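Undergrad: Here's a structure for you.
The values are calculated or read from the model by the stated rules, or taken from the named source; none is laboratory data. Computed from a predicted model, the values in this text were never measured in an experiment. Glycine also receives a Cβ, built like all others from the backbone with ideal geometry; neighbour counts cover every protein chain displayed. Keep in mind that these areas ignore ligands, DNA and RNA; they rest on the heavy atoms of the full protein, side chains included. Shrake-Rupley method; radii C 1.70, N 1.55, O 1.52, S 1.80 Å.
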Amino acid sequence: MNKVAIFTSGGDAPGMNACIRAAVRGAIYHGIEICGIYRGYDGMIEGDIEPMNSYSVSNIIQKGGTILKSARSKEFMTKEGRQKAYDQLKKKGIEGLIAVGGDGTFTGAKVFFEEFGLPTVGAPGTIDNDLFGTDYTIGFDTAVNTALDAIDKIRDTANSHNRLFFVEVMGRDSGYIAIRSGIGGGAELVMVPETATSITEVITTLQEGWNRQKTSSIVVVAEGDEEGNAMEIAEKVKSQIHMKDVKVSILGHIQRGGSPSAQDRILASRLGLGALEGLMSGQKNVMAGIINDKLVYTSFEESIGKTKALNQDLIRMVKILSV
Ligand code: F6P
């Protein structure tokens, strides 16, 4: 393989730059040409593809976001869009792709591979940590720490005013950010899509706390929870309790930004190099991941199709620790 290209797609995640850097520096080390595709699949379709060198990735390991920009492409979902993308890559002599993103990115990469056979290796970049085939995804650790920092601050004010707070965190359909930031932040309760928590259970848990003279409480809500978003849950709870000083805080996109944690920089570096070296050794249609500290490759089909179960011990622990 003589020439490859790398792109980032879907929701950005802290550590994507470290991943790009590792793939680019790895390619240079191995004597392979590498290009950057800007704006994900949209840029691929439009031929927004530029050669990269060692300096293109200088001073980016510590930066959040992605220097290659990102997009959620509608056009790539069409056969015509994918054909245009393939034609652009062919014109530039690209023989392999490194796709950095989440399940939407790999769904596109899988279809593209099936249609055109261009070898593609993915690096899991999403704050949601919802991909099978890796213990952690790039950006998850930083997002958890960002959420944790916010929860700590909310706790200060919740405590001063004797208030109940519902804090909504991201994660789409998964509760990974919620469970980790909830445990780290000492939440009374964590509501995640993977395990149903009824409004009655929420009220009972809160009531038990108030009976023990707790004056403030924090409930962390994963945005994909079955009972609704934090605002809806707060309304339902509020109508059935005596405490009326109930507040909602939606952390939102703050969780996607910021300088990546040490863990994310190292993970991203391993996965960027792992994706490149995977391509070089003939891997295709797979995602690079780290499981038990070892680099592994899992088919796109499995990585997006299988569910990475949330550790039930963590769910159990929240209840015990809020006593
Ligand atoms: O997949 C990452 C993520 O941040 C999810 O947690 C969230 O549901 C979604 O992206 C938000 O997407 P957008 O930035 O397009 O609003």
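Undergrad: Being open to solvent by 50 Å² or more (accessible area, probe 1.4 Å) and either within 16 Å of the ligand (Cβ to nearest atom) or aliphatic (A, V, I, L, M) (or both) is the filter here; which residues of region 81-103 pass it?
TA: ASP103
Undergrad: Tell me, which residue of region 13-70 that is within 16 Å of the ligand (Cβ to nearest atom) and assigned to a helix (DSSP H, G or I) is farthest from the chain's Cα centre (by Cα)?
TA: Result: ASP42.
Undergrad: Being among the polar types (S, T, N, Q) and over 28 Å from the mean Cα position of the chain (by Cα) is the filter; apply it to region 171-205 and report the residue that is farthest from SER239 (Cα to Cα).
TA: Selected residue: THR205.
Undergrad: Consider region 206-252. How many of its residues are over 29 Å from the mean Cα position of the chain (by Cα) and either open to solvent by less than 20 Å² (accessible area, probe 1.4 Å) or not hydroxyl-bearing (Ser, Thr, Tyr) (or both)? Talk me through it step by step, then tell me what you get.
TA: Quick first cut of region 206-252, residues over 29 Å from the mean Cα position of the chain (by Cα) only: 206-216, 236-246.
Subsequent filtering for residues that are either open to solvent by less than 20 Å² (accessible area, probe 1.4 Å) or not hydroxyl-bearing (Ser, Thr, Tyr) (or both) retains 206-214, 216, 236-238, 240-246.
So the answer is 20.
Undergrad: Out of all the residues in region 1-12, which are within 16 Å of the ligand (Cβ to nearest atom) and surrounded by fewer than 23 Cβ atoms within 10 Å (Cβ to Cβ)?
TA: GLY11
Undergrad: Any residue in region 4-26 that is among the hydrophobic types (A, V, I, L, M, F, W, C) and over 19 Å from GLY101 (Cα atoms)?
TA: No, there is no match, as no residue in region 4-26 is among the hydrophobic types (A, V, I, L, M, F, W, C) and over 19 Å from GLY101 (Cα atoms).
Undergrad: A further question follows. Does region 262-270 include one or more residues that are over 12 Å from CYS19 (Cα atoms) and surrounded by fewer than 23 Cβ atoms within 10 Å (Cβ to Cβ)?
TA: Taking every residue of region 262-270 in turn, at least one turns out to be over 12 Å from CYS19 (Cα atoms) and surrounded by fewer than 23 Cβ atoms within 10 Å (Cβ to Cβ).
Undergrad: Considering only residues that are touching a residue at least 60 places away in the same chain (Cβ under 8 Å) and either closer than 30 Å to GLY224 by Cα or surrounded by 24 or more Cβ atoms within 10 Å (Cβ to Cβ) (or both), which ones fall in region 104-123?
TA: GLY104, THR105, PHE106, THR107, GLY108, ALA109, LYS110, THR120, VAL121, GLY122, ALA123
Undergrad: Those residues that are touching a strand residue (DSSP E or B) at 6+ places or on another chain (Cβ under 8 Å), open to solvent by less than 20 Å² (accessible area, probe 1.4 Å) and away from the ligand (no atom under 11 Å from the Cβ), I need them from region 124-146; list them, please.
TA: Within region 124-146, PRO124, GLY133, THR134, ILE138 qualify.
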